[in-house]
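What follows is one structure encoded as structure tokens, with my remarks underneath.
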Amino acid sequence: MAEEKQLTEKESLQLIQQMINKAKGSYHDTGIGPILWGSVITFCSLATFAEIQFNFELPFDVWLLSLVAIIPQVFISIREGRMRKVLKYEDVALGYIWTCFGISIFLLININASIIAHLDPIFTDYNKLKGPHEITFDYNSYSTSLFLLLYGMPSILTGALTKFKPMLYGGILCWVCCIISVYANIKTDLLLMAFSATAMWLIPGIILRRRYLNKLECSKN
Amino acid sequence: MFKELDPILHSQLRLAVMSLLISVKQADFIFIKEKTNATAGNLSVQVQKLKEAGYIDVIKEFKDNYPNTTCKITKKGIQAFEDYVKVLQEYLQVKQP
């Protein structure tokens, strides 16, 4: 591009439009983050489902894996931040959205633990007094719906902001699963959670990864 | 009476750089070079001119032991760009039959 070429008014507007479009088209996610979280949540949900279905217990709480997954996620975020040549306004918004999501999940886990701790003795006493009329209410079943509600939100926003339809549709599917889970038992809830994590993170993550690798291949050639 | 087009922006490469930077929060020198297809030396001179005009901030730092230059549009730059587009539109409206 010549440094001092004088432009006509029309050429100037065309150049502005062309450059804005070039900047817009520069979004690329490596897909590792969605693949990581999609795999972890799907695995944890299916493992918990298997524990209930086949009546066994793992020697540790499988959901601790989601805490362990934070470590590689931190490294992935730092590495991707270093590799990034451009920081768009959408990237900043997405950063805030996913940070808020992470904090919301942490708060929800604490709120759920507190509710269960308060409800358990009440139901134990009630069951003792009532005898054969036991309460079938299981708060855990509803907490799955709350998690699905939260999972869907950042996925829909990410899909909409980046115009990446697989994640947008995955997020919508997650909210559909959220509604179904309100009326389903805990086992179905866990299957719905595994399905949602696969649909909104794992599959879109694989698509993003393939796109990213293709782009890398093209830029090498 | 038309306002005069800002001479700092009314040049192909500088306008291209500003158009890129108006759409993003910040961009590396390499990114701008790739998108504008300019040579490093040429781009460097034009970036310096935009910096001297106060239209962009240029941050020089080390990334993984390599020097890295990041450019970011300033408030003055946004205002100048908006004014430039307004004047352009005025010119084009008059020229249209």
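The values are calculated or read from the model by the stated rules, or taken from the named source; none is laboratory data. Small disclaimer: the values here were computed from a predicted structure and weren't measured. FYI the Cβ positions are ideal-geometry reconstructions off the backbone, even for glycines, and counts take in every protein chain you see.
For this structure, a couple of remarks:
- Flag if residue A:92 is within 14 Å of chain B (Cβ to nearest Cβ) and either on the phi > 0 side of the Ramachandran plot or not acidic (Asp, Glu) (or both): yes
- Only one of the numbered conditions (1) touching a helix residue (DSSP H, G or I) at 6+ places or on another chain (Cβ under 8 Å); (2) part of a helix (DSSP H, G or I) is violated by residue A:127, and that is (1).
- Residue in the stretch A:118-131 that is surrounded by fewer than 17 Cβ atoms within 10 Å (Cβ to Cβ) and either within 18 Å of residue A:37 (Cα to Cα) or polar (S, T, N, Q) (or both) present: yes
- Subset of the stretch A:34-90 [under 23 Å from residue A:200 (Cβ atoms) and among the small types (Gly, Ala, Ser)]: A:38, A:39, A:45, A:47, A:50, A:66, A:69, A:77
- Test: residue in the stretch A:130-145 that is farther than 28 Å from residue A:99 by Cβ, out of contact with any Phe, Trp or Tyr (no Cβ under 9 Å at 6 or more places or on another chain), among the hydroxyl-bearing types (Ser, Thr, Tyr) and not in a helix (DSSP H, G or I): yes
- Residue identified as touching an Asp or Glu at 6+ places or on another chain (Cβ under 6 Å), in a helix (DSSP H, G or I), touching a residue at least 12 places away in the same chain (Cβ under 8 Å) and not small (Gly, Ala, Ser) among A:208, A:191, A:168, A:173: A:208
- Against the criterion of being of a type outside the set (Phe, Trp, Tyr) and under 14 Å from the mean Cα position of the chain (by Cα), residue A:171 qualifies.
- Yes/no for residue B:56 being touching a Lys or Arg at 6+ places or on another chain (Cβ under 8 Å), closer than 20 Å to residue A:9 by Cβ, more than 10 Å from chain A (Cβ to nearest Cβ) and modelled with pLDDT of 90 or more: no
- Residues in the stretch B:14-28 that are of a type in the set (A, V, I, L, M, F, W, C) and out of contact with any Leu (no Cβ under 7 Å at 6 or more places or on another chain): B:20, B:21, B:22.
- Checked against (1) over 17 Å from residue A:37 (Cα atoms); (2) out of contact with any Phe, Trp or Tyr (no Cβ under 6 Å at 6 or more places or on another chain), residue A:151 passes all but condition (1).
- Close pairs (7 angstrom Cβ cut-off, 6 or more residues apart or separate chains): free of Cβ contacts under 8 Å to residues at least 40 places away in the same chain in the stretch A:42-61, of a type in the set (Ser, Thr, Tyr) anywhere: A:44/A:66
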